[in-house]
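For reference, the structure discussed in these notes is given below.
What follows is calculated from the coordinates using simple rules that are stated; it is not laboratory data. Note that the coordinates shown come from a computational prediction; the quantities given were computed from them, not determined experimentally. When we count neighbours, we look across all protein chains shown, and the Cβ atoms used for this are built from the backbone with ideal geometry, even at glycine.
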Amino acid sequence: MHPAGRLVLQGRAFPACLGRGGVSLRKQEGDGATPVGVLPLRRLFYRADRLAIPATALPREPLSPTDGWCDDPADPDYNRPVRLPHAARHEELWRRDGLYDLIGVLGWNDDPVRPGDGSAIFLHVASPDFGPTEGCVALRREHLLEVLAMGVTSLRVLAE
């Protein structure tokens with residue numbers, strides 16, 4: 001269970017951070033694992049105050065300080081975007097640290113949503129120390145912008 005991996009696209013390999021729980025065929029909320037499978041990219045959120053509109057084939061939407069994502073399996077909004085404040089447990093998407101300056105929403109547990117099977121699985125900017133994620137796939141900012149510009153619409157996560 002190693003949080004480092006690589007994203008291979010169009011003959012190029014990009015270093016990637018994966019979940020602190022490794023990769024899993026049976027993703028569960030809070031396990032820290034990145035789910036195995038083909039994960040479509042649904043859309044891209046970005047911080048318009050920090051970067052220009054990114055080149056991508058995905059639908060794009062600028063983030064605002066009131067954007068969040070519900071990660072509470074007991075809430076009807078589980079694994080969906082929400083407006084803040086929100087009464088149930090959630091993530092704030094407007095972050096100071098820059099990790100969510102670009103958020104590719106990965107299609108995991110969204111069609112249909114199953115409470116407890118994992119939420120907020122994103123393709124986002126890696127931390128400066130390239131540490132593990134909570135279950136997302138993360139790339140260096142410059143690599144993420146390059147991958148988006150390549151027109152990528154899905155990622156394949158493999159078990160080792």
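Structure data summary
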| item | result |
| --- | --- |
| Neighbour-count order for Ile53, Ile121, fewest beta carbons within 10 angstrom listed first | Ile53, Ile121 |
| Loop-located trypsin sites (Lys or Arg not before Pro) in region 95-148, at most 13 other Cβ atoms within 10 Å (DSSP) | Arg96 |
| Contour minus Cα-Cα distance for Ser154 and Ala52 (0.36 nm per residue) | 34.5 nm |
| Farthest toward positive dipole pole in the chain [+1 Lys/Arg, -1 Asp/Glu at C-beta], among Thr133, Gln28, Thr66 | Thr133 |
| Pairs of alpha carbons in region 1-43 whose separation is greater than 11 Å (percent) | 69 percent |
| Region 78-160, dipole about Cα centre (Lys/Arg Cβ +1, Asp/Glu Cβ -1), debye to the nearest 20 | 240 debye |
| CD proxy at 222 nm, helix term only [per DSSP H run n ≥ 4: -39500 (n - 2.57); per residue of the chain; nearest 500] | -1500 deg cm²/dmol |
| Cα centroid separation, region 131-160 to region 83-105 (Å) | 18 Å |
| Cut-off under 5 Å, modelled amide H: who pairs with Val82 long-range | Gly68, Trp69, Cys70 |
| Residue order, fewest to most surrounding Cβ atoms within 10 angstrom, among Val147, Val36 | Val36, Val147 |
| More than 28 Å apart - percent of Cα-Cα pairs taken over the chain | 13 percent |
